[in-house]
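Visitor: Before anything else, here's the structure in question.
Values in this text are rule-based calculations from the coordinates and carry no lab data. A quick note: this is a predicted structure, and the numbers were derived from the prediction, not measured.
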Amino acid sequence: MKAPQPSDPNLVTILEKAKKSGTSASLRAEGAVKMLGHLHVRSLEPGAAIQLSGLKLRDTLPPAGTAVTLTLIQGDQVISIRTHLLEPLVADHEPKVPPVLQAAWPTEPLEIHPRREVRVATPDLPPLDASVFWRGRRLEAKLLNLTDMGMGLGFREPLAFSYHDEVEVVTSLPGNDVLTVSGAVRHAQSLAGDELPTRVGLVLVDLPPGTRELLQRFIQARRMDRSIAMRGH
């Protein structure tokens, strides 16, 4: 898909849609591990600024001028916008009201990717270590693929998973967040001679709202990581 140019009216259309629908947005400074989540497009000044609400008083804002990536998820698309921060808008007479974050109007093309392509492990990014609880056993695994609906795991030993087996997966995400999810096996295969000879695909089940939000924030962050890594090659 051809990414629209910043001067293209499609940019305004995308941002206006995000504003009206309350699309969840996240923002991260280049090179940083932690990100600001829970954001929403509040207002637009085409050619000048994008204003974002949802900050909390405890949030630490990078200084104005910091290069950042703003990520939106709209339907099946992940939209990444490279820009930099402006001075936030602060309510002088309401000290308990969080500031409104401001990002400069983008001057680089947007990056638009199908949501289904958002993965944890890629050739340019490492997998995550995970503990898997299955049939009363605790196993160590590599978390290879992750979406907001399922995940792929690799194990260093031959194992006989069955369709619909229930498992629990615990992994530490960058930023010290711990993700704990339950899943049901949808497929399993053996790869002879592979470093991870047992591969298992799970569908996630019964995700609490807080866990789903944590998962979606991480997926957005990893999308940023991959975009930055790909630009470096």
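Visitor: Out of residues 5 or more away from Asp165 or on other chains, whose amide H comes under 5 Å of its own, with H placed 1.01 Å from N in the peptide plane?
Guide: Amide H neighbours of Asp165, under 5 Å, 5+ apart: Val185.
Visitor: Report the Stokes-Einstein translational diffusion coefficient (µm² s⁻¹, integer) for region 137-176, Rh taken as the Kirkwood radius over Cα pairs, at 20 °C with viscosity 1.002 mPa s.
Guide: On the way: Rh = 11.9 Å.
For the chosen part, D equals 180 µm²/s.
Visitor: Looking at region 136-216, I'd like the Rg to Rh ratio, where Rg is from alpha-carbon atoms and Rh is Kirkwood's inverse mean 1/r. Walk me through the numbers on the way to the answer.
Guide: Numbers: Rg = 12.7 Å, Rh = 13.2 Å.
In region 136-216, Rg relative to Rh is 0.96.
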